[in-house]
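Working notes for the structure below.
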Amino acid sequence: MKICVIGAGVVGCATAYQLSRIGHEVTLVDSAPGPAAGASFANGAQLSYSYVEPLANPSTFRAIPKMLLDPQSPLGLRFRADSSQWRWIASFLRSCTPARSRRGSLALLATASLSRQANDRWMNEDGLDFAVQRNGKLVLCPDAASLQHQSKQVQLQAAHGAEQALLTRDGCIALEPALRSHPDFVGGVWTPSECAADPRAYCKSLVNIAASRGLRTLWSTRATRFVIKGHRAGCLQTTAGDLVADAFVLATGIHAPELARQLGESILIEPIKGFSLTLEIKKGRRGPATSITDLARKTVLAPLDGKLRIAAFAELGRTDLKIPPHRLRQMMQTVEAIYPGLCDFTEPNAWAGLRPATPDSLPIVRQSRIANVFLNAGHGALGFTLAAGCAVQVTEAIHDARAMHSTAATAVFPTLAH
Ligand SMILES: Cc1cc2nc3c(=O)[nH]c(=O)nc-3n(C[C@H](O)[C@H](O)[C@H](O)COP(=O)(O)OP(=O)(O)OC[C@H]3O[C@@H](n4cnc5c(N)ncnc54)[C@H](O)[C@@H]3O)c2cc1C
């Protein structure tokens, strides 16, 4: 089939890769001059295959009053005069129950496991290279209540194959001695199989390998409109002209709702703003042995190719990419609190990105109301972790739709000439 993938973040690149890997003729379109220009550029670098929890959970629900009142809170909320934000918030609050959060964790765990398998296969069989480090992850809990909550999450994840251990403060320090001076944690969860890697290198490597199999890339090209005839999209109008394909995959992150509306789809995706720094480690100092998630500060720290990546904060309702000085300061203070004297802050490589979040943290991966257009968007805080698994899932959805309609009198995917 001729398939056009719109959006070249981690999700679109993994999708284009998987489709070209199994022999489809793929075109990848992005409005930016190259891959990974959006939320995928410098994210937290964690591949959290075994440790996934929706943001909509009972403990986030309890944190809402503080989030509204304290400007230093790692979670932020800014109301917009926009009915879709209000619908998103209402749906988010409904998703915070223990039962829904549990169902969400299980669904995310299944897709994350699919991702691990796909990425391992791509690395082993195709030479995909994106600076993967398998050095495990330690999630630090600030108090007994959060440790108790995490122990339930560990039990839930263990029943589905995740190998994790609950550690005391001393147990965490034995694993990562640098944590000795960190004042604010009582214990943590250790997941030895977790990985960290570079999301931009991931996108570049996926595109390069797929290009050697015939992937066509159209950079600096914005998709503007689907031309729909009956139940099919005949072509996609772009700033570089019309693109004709048998099927289209929409993987445009926070911008997915705009094009989806043309398909009769009202999908709820809101940007959740976050920040990162990529810091040099001082000469003569040894970098951290593992990735860390500090739950109190909503911060992740990952060793990345000889540097330290720190990513933090979740601000709902902000659509700009400004980096306020207080957020920069907070991140630097966190690095100093956890790893005193380790990093050089002269060039912090500060970055801001917008996570494309659905209310229940589950990505939207399915056929749209228009039979030959498929959605792969809304991966929130876990897009890097879920990208490969969702690429496999959307490919299956495309094949299922083709199989279902292959005997119909009117073909759903007639091949049109370019
Ligand atoms: C601070 C921060 C830390 C994070 N940490 C982690 C982490 O540790 N682990 C993890 O798994 N995930 C993490 N994430 C989440 C992850 O980065 C996102 O879920 C992921 O990048 C989303 O990928 P995407 O491809 O859907 O969107 P994007 O990367 O935003 O890509 C969308 C692409 O679509 C293009 N586009 C949009 N509209 C159009 C159009 N009309 N025509 C053509 N192109 C268009 C854009 O240019 C962009 O390149 C983090 C995110 C942030 C912000």
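Suppose we keep only residues that are in contact with a His (Cβ under 8 Å, 6 or more places away or on another chain) and either of a type in the set (Val, Ile, Thr) or within 15 Å of ALA16 (Cβ to Cβ) (or both) within segment 361-389. Which one would you say is surrounded by the fewest Cβ atoms within 10 Å (Cβ to Cβ)?
ILE370
Which one of ALA45, ALA63 is within 16 Å of the ligand (Cβ to nearest atom) and among the small types (Gly, Ala, Ser)?
Details: ALA63 fails: within 16 Å of the ligand (Cβ to nearest atom).
Going through ALA45, ALA63 in turn, just one is within 16 Å of the ligand (Cβ to nearest atom) and among the small types (Gly, Ala, Ser): ALA45.
Looking at segment 1-13, which of its residues are within 11 Å of the ligand (Cβ to nearest atom) and out of contact with any Leu (no Cβ under 6 Å at 6 or more places or on another chain)? Talk me through it step by step, then tell me what you get.
Residues of segment 1-13 that are within 11 Å of the ligand (Cβ to nearest atom), as a first pass: 4-13.
Once the filter is applied, which keeps residues that are within 11 Å of the ligand (Cβ to nearest atom) and out of contact with any Leu (no Cβ under 6 Å at 6 or more places or on another chain), segment 1-13 yields GLY7, GLY9, VAL10, VAL11, GLY12.
Is it the case that some residue within segment 61-71 is buried (at least 18 other Cβ atoms within 10 Å of the Cβ), touching a helix residue (DSSP H, G or I) at 6+ places or on another chain (Cβ under 8 Å) and closer than 27 Å to LEU138 by Cα?
Taking every residue of segment 61-71 in turn, none turns out to be buried (at least 18 other Cβ atoms within 10 Å of the Cβ), touching a helix residue (DSSP H, G or I) at 6+ places or on another chain (Cβ under 8 Å) and closer than 27 Å to LEU138 by Cα.
Go through (1) within 12 Å of SER50 (Cα to Cα); (2) surrounded by 18 or more Cβ atoms within 10 Å (Cβ to Cβ) and name the single condition LEU128 misses.
Of everything listed in (1) within 12 Å of SER50 (Cα to Cα); (2) surrounded by 18 or more Cβ atoms within 10 Å (Cβ to Cβ), LEU128 misses just condition (1).
Looking for something crowded, with 20+ Cβ neighbours inside 10 Å, at pLDDT 95 or above and either within 11 Å of the ligand (Cβ to nearest atom) or not in a helix (DSSP H, G or I) (or both) - is there at least one such residue anywhere in segment 398-414? It would help to see each step written out before you state the result.
So the first thing to find is which residues in segment 398-414 are crowded, with 20+ Cβ neighbours inside 10 Å, and the list is 398.
With the extra rule that they be at pLDDT 95 or above, the set shrinks to 398.
Within this subset, residues satisfying the condition of being either within 11 Å of the ligand (Cβ to nearest atom) or not in a helix (DSSP H, G or I) (or both) are none.
Scanning segment 398-414 turns up no residue that is crowded, with 20+ Cβ neighbours inside 10 Å, at pLDDT 95 or above and either within 11 Å of the ligand (Cβ to nearest atom) or not in a helix (DSSP H, G or I) (or both).
Only one of (1) modelled with pLDDT under 95; (2) surrounded by fewer than 19 Cβ atoms within 10 Å (Cβ to Cβ) is not met by THR299, so which one is it?
(2)
Return the residues of segment 336-351 that are among the β-branched types (Val, Ile, Thr) and surrounded by fewer than 17 Cβ atoms within 10 Å (Cβ to Cβ); say none if nothing qualifies.
Of segment 336-351, the ones among the β-branched types (Val, Ile, Thr) are 338, 346.
If the condition is that a residue be among the β-branched types (Val, Ile, Thr) and surrounded by fewer than 17 Cβ atoms within 10 Å (Cβ to Cβ), then THR346 is the only one that fits.
Mind listing just one residue for me: the one in segment 365-390 that is more than 8 Å from the ligand (Cβ to nearest atom) and under 18 Å from the mean Cα position of the chain (by Cα) and, of those, farthest from GLY274 (Cα to Cα)? Give the derivation first.
Keep residues of segment 365-390 that are more than 8 Å from the ligand (Cβ to nearest atom), which gives 365-375, 388-390.
Now drop any that are not under 18 Å from the mean Cα position of the chain (by Cα), which leaves 365-366, 375, 388-390.
On the way: VAL365: 23, ARG366: 27, LEU375: 24, ALA388: 22, GLY389: 23, CYS390: 22 Å.
Going through the qualifying residues, I end up with ARG366.
In segment 250-296, how many are surrounded by 20 or more Cβ atoms within 10 Å (Cβ to Cβ), under 28 Å from LEU19 (Cβ atoms) and small (Gly, Ala, Ser)?
Going through segment 250-296 one residue at a time, the tally reaches 4.
If THR221 satisfies every condition in (1) within 21 Å of the chain's Cα centre (by Cα); (2) closer than 26 Å to LEU375 by Cβ; (3) not basic (Lys, Arg) but one, which is the exception?
(1)
Yes/no matrix, rows are residues, columns are (1) within 13 Å of the ligand (Cβ to nearest atom); (2) over 23 Å from the mean Cα position of the chain (by Cα):
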{"site": "THR191", "(1), (2)": "no, no"}
{"site": "ALA201", "(1), (2)": "no, no"}
{"site": "VAL227", "(1), (2)": "no, yes"}
{"site": "THR239", "(1), (2)": "yes, yes"}
{"site": "ALA245", "(1), (2)": "no, yes"}
{"site": "HIS255", "(1), (2)": "yes, no"}
{"site": "ILE269", "(1), (2)": "yes, no"}
{"site": "LEU279", "(1), (2)": "no, no"}
{"site": "SER291", "(1), (2)": "yes, no"}
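Out of curiosity, is SER220 farther than 19 Å from ILE3 by Cβ, of a type in the set (Ser, Thr, Tyr) and either in a strand (DSSP E or B) or in contact with a helix residue (DSSP H, G or I) (Cβ under 9 Å, 6 or more places away or on another chain) (or both)? Write out each step before concluding.
Values: farther than 19 Å from ILE3 by Cβ: yes; of a type in the set (Ser, Thr, Tyr): yes; either in a strand (DSSP E or B) or in contact with a helix residue (DSSP H, G or I) (Cβ under 9 Å, 6 or more places away or on another chain) (or both): no.
Taking the combined requirement at face value, the residue does not satisfy it.
Within segment 226-263, count every residue that is touching a Gly at 6+ places or on another chain (Cβ under 6 Å), more than 14 Å from ILE3 (Cα to Cα) and in contact (Cβ under 8 Å) with a residue 40 or more places away in the chain. Before you say what the answer is, go through the steps one by one.
Taking segment 226-263 and keeping what is touching a Gly at 6+ places or on another chain (Cβ under 6 Å), we get 227, 251-253.
From the residues that got through so far, the ones that are more than 14 Å from ILE3 (Cα to Cα) too are 227, 252-253.
When the remaining residues are screened for being in contact (Cβ under 8 Å) with a residue 40 or more places away in the chain, the result is 252-253.
Residues in segment 226-263 being touching a Gly at 6+ places or on another chain (Cβ under 6 Å), more than 14 Å from ILE3 (Cα to Cα) and in contact (Cβ under 8 Å) with a residue 40 or more places away in the chain: 2 in total.
Just to confirm my filter: which strands (runs of 3 or more DSSP E) fall fully inside segment 1-101 and include at least 2 residues that are in contact (Cβ under 8 Å) with a residue 24 or more places away in the chain and of a type in the set (Phe, Trp, Tyr)? Give the steps one after another, and end with the answer.
Details: elements: 2-6, 25-29, 75-77.
Counting at least 2 such residues, we get no strands (runs of 3 or more DSSP E) at all.
Collect the residues in segment 302-330 that are farther than 30 Å from TRP88 by Cα and either surrounded by fewer than 14 Cβ atoms within 10 Å (Cβ to Cβ) or free of Cβ contacts under 8 Å to residues at least 60 places away in the same chain (or both), keeping them in residue-number order.
Of everything in segment 302-330, those that are farther than 30 Å from TRP88 by Cα and either surrounded by fewer than 14 Cβ atoms within 10 Å (Cβ to Cβ) or free of Cβ contacts under 8 Å to residues at least 60 places away in the same chain (or both) turn out to be GLY306, LYS307, LEU308, ARG329.
Would you point out the residue of segment 15-41, among those that are within 20 Å of the chain's Cα centre (by Cα), aliphatic (A, V, I, L, M) and more than 8 Å from the ligand (Cβ to nearest atom), that is surrounded by the fewest Cβ atoms within 10 Å (Cβ to Cβ)? Give the steps one after another, and end with the answer.
At the first step, the residues of segment 15-41 found to be within 20 Å of the chain's Cα centre (by Cα) are 15-19, 28-32, 34-41.
Cutting the leftovers down to aliphatic (A, V, I, L, M) gives us 16, 19, 28-29, 32, 36-37, 39.
Checking which are more than 8 Å from the ligand (Cβ to nearest atom) leaves us with 16, 19, 28.
On the way: ALA16: 33, LEU19: 25, LEU28: 30.
Restricting to residues being within 20 Å of the chain's Cα centre (by Cα), aliphatic (A, V, I, L, M) and more than 8 Å from the ligand (Cβ to nearest atom), the top hit is LEU19.
Which helices (runs of 4 or more DSSP H) does segment 116-213 wholly contain that include 3 or more residues that are closer than 22 Å to LEU342 by Cβ? It would help to see each step written out before you state the result.
Numbers: elements: 144-158, 169-175, 199-212.
Result: 169-175.
Out of curiosity, is TYR51 closer than 30 Å to ALA296 by Cα, within 16 Å of the ligand (Cβ to nearest atom) and of a type in the set (Phe, Trp, Tyr)?
On the way: closer than 30 Å to ALA296 by Cα: yes; within 16 Å of the ligand (Cβ to nearest atom): yes; of a type in the set (Phe, Trp, Tyr): yes.
Against the criterion (closer than 30 Å to ALA296 by Cα, within 16 Å of the ligand (Cβ to nearest atom) and of a type in the set (Phe, Trp, Tyr)), TYR51 qualifies.
The values are calculated or read from the model by the stated rules, or taken from the named source; none is laboratory data. What you are looking at is a predicted structure, and each value in this text was computed from that prediction instead of being measured. Glycine gets a Cβ as well: all are built from the backbone with ideal geometry, and neighbour counts include every protein chain shown.
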